[in-house]
Number of protein chains: 2
Amino acid sequence: MEIYGEISKVRAAVKAWKKEGLTVGFVPTMGYLHEGHKSLIDAARKENDRVVVSIFVNPMQFGPTEDLESYPRDLKKDAALCEAAGVDIIFHPEPEEMYADGFCSYVDMNGLTTELCGKSRPIHFRGVQTVVLKLFHIVTPDRAYFGQKDAQQLAVIRRMVKDLNVDTRIIGCPIIREADGLAKSSRNTYLNAEERQAALVLSRSLKAGKALVDAGETRACVIKSAITAEIEKEPLAKIDYVDVVDFDTITPVEKLEGSILVAIAVYIGKTRLIDNFIVEK
Amino acid sequence: MEIYGEISKVRAAVKAWKKEGLTVGFVPTMGYLHEGHKSLIDAARKENDRVVVSIFVNPMQFGPTEDLESYPRDLKKDAALCEAAGVDIIFHPEPEEMYADGFCSYVDMNGLTTELCGKSRPIHFRGVQTVVLKLFHIVTPDRAYFGQKDAQQLAVIRRMVKDLNVDTRIIGCPIIREADGLAKSSRNTYLNAEERQAALVLSRSLKAGKALVDAGETRACVIKSAITAEIEKEPLAKIDYVDVVDFDTITPVEKLEGSILVAIAVYIGKTRLIDNFIVEK
């Protein structure tokens, strides 16, 4: 496995692979890898000849009051996980390599980015789209893997790739959870013991919502109310949003029909956590 | 030569070429080809194994009051010119092929697009960047050719390609002029006989500005004044802008230093024409 900080080195390696007719799977990450990322790498490993993982805490997707500086980093541990998982290249650039002097371009969309996380993180998805497209141009993957935990991000990337004719297949992978139900996230490391316990309210509330869906409930407002009520029982939890949206367009729906995303964002203390489930109706 | 309307056909052809190790030159156009386009195609023909020309009047780069509907079109004549110039593929999609249902993504930049044409055409460069990036993703050219007549467009595309790590080399080609000095443009067809004569004020005024530069003048305001005065002599002409900017950043300069763009946009009757020259200091 190689660890490259330079765009030119990744490009050269990938071009050599492509010349041999090899396929490339790509897993873009911000590092501090956990079993969620591992599941993406495993999927990439299974379906491609070569696997590239990027580790880049992307300044452009953090708001001015967000956790860019404190976002957890551990390249040594990440490299060990990647090596063991059969990754061929880690791309780990410095911000200056990605955002050179005079950088001013961006990718964005009208729609999909205004609801859910877009409400409280107004510049987040612009930053995500821009860096992901840059990474796609550098790595030119046949397939790229994104976790369903960041469901809105997955929908946005799918839309961007379709709209801009990017020749990469986007693969969404299921949420990986701790044994007690908490969705794996690098940000879980921010939680103290009490908050860690309180954070279970996310998966528990979604379970309550899912139970209603399984019982035949199709009114979005009823499902939202049930989830909201469950979260409000937890004193350490503060709701950012509880929403039921069309998974393709990320617009609110009243009735469950088609591909539906039930998504929540909840502050546990100062830590903002997200979770969701998807219903195909 | 093939004429394709489908993205998938262009993609398949280019992939087959790339498999053979052939290089691809690309000339994106809105059709109604003239000697300016021809010079781009010739350059592409000389420097690449295969040449693709796109002909697409891109709705996204026209403002609501602009000339999208009346923009001149003549595919038959264009195809003959391309065939004679040794083009391998014309990509001529319908708008629906390029902008499918639910399309909402765009590429834009902070900077470079606010001055010059960006002032009177606020959404123009967003449309240009978006369609050019889409076309780059479809054609995956090694080199793409743009005329210097659209100097701001050339600067914007260069910046976009650099910022987003697009693996295509952007080649700027000199302005091609009629014998009497008028820069070739598909929009010249809008001019009646009297306007056609009046339109010579663009190249004549720039000549006056260039003469000052050649004589050692480095103050932007003096050059602007001389060009403005020359244009104002022509009763059919109405100035949109006369500007002296840094060619890389498209920001106004006071002194000529580095790579400088002297650019004008002038209405001749209802037809808006542009012209420019570049100074390397």
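The values are calculated or read from the model by the stated rules, or taken from the named source; none is laboratory data. None of the values given here were measured: they were computed from a predicted structure. Neighbour counts run over all protein chains shown; Cβ positions are idealised from the backbone, glycine included.
Structural remarks
- Across region A:103-122, the number of residues qualifying as within 11 Å of another protein chain (Cβ to nearest Cβ) and over 14 Å from B:Ser105 (Cα atoms) comes to 2.
- Taken together, B:Asp163, B:Asp180, B:Asp214, B:Asp150 contain a single residue that is within 14 Å of another protein chain (Cβ to nearest Cβ) and modelled with pLDDT of 95 or more, which is B:Asp163.
- Flag if A:Ala151 is assigned by TED's automatic domain parsing to the domain that holds A:Phe26, out of contact with any helix residue (DSSP H, G or I) (no Cβ under 6 Å at 6 or more places or on another chain), assigned to a strand (DSSP E or B) and in contact (Cβ under 8 Å) with a residue 40 or more places away in the chain: no
- Matching entry among B:Glu178, B:Glu232 (being free of Cβ contacts under 8 Å to residues at least 12 places away in the same chain, within 18 Å of B:Leu33 (Cβ to Cβ) and out of contact with any Pro (no Cβ under 6 Å at 6 or more places or on another chain)): B:Glu178
- With respect to the conditions (1) more than 22 Å from B:Gly172 (Cα to Cα); (2) free of Cβ contacts under 8 Å to residues at least 40 places away in the same chain, B:Gly258 lacks only one, and its number is (1).
- Restricting attention to region B:1-27, the residues that are more than 13 Å from B:Cys82 (Cβ to Cβ) and either in a helix (DSSP H, G or I) or touching a residue at least 40 places away in the same chain (Cβ under 8 Å) (or both) total 17.
- Residue match in region A:205-226 (condition: closer than 24 Å to A:His37 by Cβ and in contact with a helix residue (DSSP H, G or I) (Cβ under 7 Å, 6 or more places away or on another chain)): yes
- Scanning region B:73-126 for residues that are basic (Lys, Arg) and assigned to a loop (DSSP other than H, G, I, E, B), we see that the one that is surrounded by the fewest Cβ atoms within 10 Å (Cβ to Cβ) is B:Arg73.
- Residues of region B:226-281 classified as of a type outside the set (Val, Ile, Thr) and over 17 Å from B:Arg121 (Cα atoms), total: 25
- All positions within region B:166-177 that are within 14 Å of another protein chain (Cβ to nearest Cβ) and not in a strand (DSSP E or B): B:Val166, B:Asp167, B:Thr168
- Qualifying residue in region A:15-23 (condition: of a type in the set (Ser, Thr, Tyr), in the same structural domain as A:Glu96 (by TED's automatic domain parsing) and touching a strand residue (DSSP E or B) at 6+ places or on another chain (Cβ under 9 Å)): yes
- Matching residues in region B:128-147 - criterion: being of a type outside the set (Val, Ile, Thr) and within 13 Å of another protein chain (Cβ to nearest Cβ): B:Gln129, B:Leu133, B:Lys134, B:Leu135, B:Phe136, B:His137, B:Asp142
Conditions tested, residue by residue: (1) small (Gly, Ala, Ser); (2) outside the structural domain of B:Val262 (by TED's automatic domain parsing); (3) over 30 Å from A:Ile7 (Cβ atoms); (4) part of a loop (DSSP other than H, G, I, E, B).
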position	(1), (2), (3), (4)
B:Gly181	yes, yes, yes, yes
B:Ser205	yes, no, yes, no
B:Glu217	no, no, yes, yes
B:Ile227	no, no, yes, no
B:Lys238	no, no, yes, no
